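Where a number appears in this text, it was derived from the coordinates with a stated rule and is not lab data. No experiment lies behind these values; they were computed from the predicted model shown. Neighbour counts are summed over all protein chains in view; Cβ atoms, including those assigned to glycine, are modelled from backbone coordinates with ideal geometry.
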Amino acid sequence: MFKYTQMVIFFALSTAFYAVILWIFAVMPLWIVPGVTALRPGNAIPPVTSLLWGPAATWGTALGNLIGFDVLGGALGWGSVGGFIGNWVYGLLPYYTWNKVFTEEPDCKTTSSLIKFELTTFLASSACAMVISTWVEAFNLFPFSILSLIITFNNFIAGAILGPILMVIFYDRVKRLGWLWTDVMQEYSMTARVKSKKAFTGYILVWIGFVVGNFVTILLGFGLTGAFWSPVEGIIGVDWSQFGKAFGGLPVVATALVFIAIGVVGLAMMEFAAQWEVPPEAKEEEEEE
């Protein structure tokens with residue numbers, strides 16, 4: 001994306017929008033956990049900018065959070081590294097999953113489009129929370145379970161309420177101006193060119209990794225997953241708590257990392273599916289050549 005001047009502009013704009021809105025609420029923060037996380041209406045921005053500006057918003061979300069919340073908001077610390085990575089994922093998943101699985105545009109003008117937007121927002125919110133909370137738990141900065149619950153729903157509520165309104169207002173206008181990321185990077189499409197079973201399988205793995213895994217890990221952190229893990233340990237003959245010692249004696253972190261790996265495999269499968277299954281029109285063009 002950095003080869004395209006317009007994408008760099010989109011990157012700067014998405015960074016500025018997110019940073020400014022986060023900073024406004026950071027000046028008089030509504031802290032949930034002081035110095036760690038606060039109520040953030042600005043969390044509605046990344047799913048929208050991601051769908052409009054693609055990879056430019058991925059980097060813009062990560063940098064915007066670092067500037068607006070961590071640096072200007074007074075939350076800069078070792079946990080900011082996890083915040084940067086988690087917000088990068090938050091800005092990645094909406095456009096990345098949408099253009100590989102859904103054939104409908106994300107304008108939120110139909111019930112179907114709206115439902116897909118809400119699902120996408122929840123997926124991205126949960127993944128962001130999981131990544132940040134794993135980092136924080138690994139360095140013993142704050143418990144995974146509490147922080148992940150807060151971030152997941154803090155992100156999702158803002159995105160679910162304000163995001164569709166912003167999409168209805170801006171999507172068609174941005175599209176008419178030719179400012180969608182796929183207008184610049186024309187080798188990509190806003191929606192899936194074909195319905196791919198491989199891509200959908202990868203999408204399911206992404207949900208297992210970043211949503212199911214997030215909540216399983218949350219329950220583990222609260223000590224509520226014994227009934228789930230005991231049969232698994234009996235089958236595979238492994239004491240999960242002993243496995244966790246490989247990660248600093250933290251079974252919560254070990255569990256999270258296993259599920260994150262599943263999510264990453266799903267993302268890779270979605271990416272390769274686009275290469276494995278060539279659209280019919282592309283095949284016709286190749287034959288003509």
In Hz, Karplus ³J(HN,Hα) per residue of the range 53-68 (6.51, -1.76, 1.60; θ = phi - 60°; x = Gly, Pro): 10, x, x, 4, 6, 4, 6, x, 5, 5, 6, x, 5, 4, 6, x
Relative contact order %, the range 1-141, counting alpha carbon pairs below 8 Å whose residues are six or more apart: 24
All-pairs alpha carbon distance profile, the range 1-110, 5 Å steps from 0, percent: 2, 14, 22, 22, 17, 12, 7, 4, 0
Average Cα contact separation per residue, the range 77-152, under 8 Å, 6 or more apart, as relative contact order %: 36
Entries of Lys100/Lys198; Lys3/Lys198; Lys109/Lys198; Lys116/Lys197; Lys3/Lys197 with Cα pairs more than 20 Å apart: Lys3/Lys198; Lys109/Lys198; Lys3/Lys197
For the range 146-155, 3J(HN,Hα) per residue [Karplus equation, 6.51 cos²θ - 1.76 cosθ + 1.60, θ = phi - 60°, Hz, x = Gly/Pro]: 5, 5, 5, 4, 4, 5, 4, 7, 4, 5
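Which of Ile151, Ile260, Ile161 comes first, and how do the rest follow, when ranked by fewest Cβ neighbours within 10 Å?
Neighbour counts put them in this order, fewest first: Ile161, Ile260, Ile151.
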Residues Lys109, Lys116 arranged by fewest to most Cβ contacts within 10 Å: Lys109, Lys116
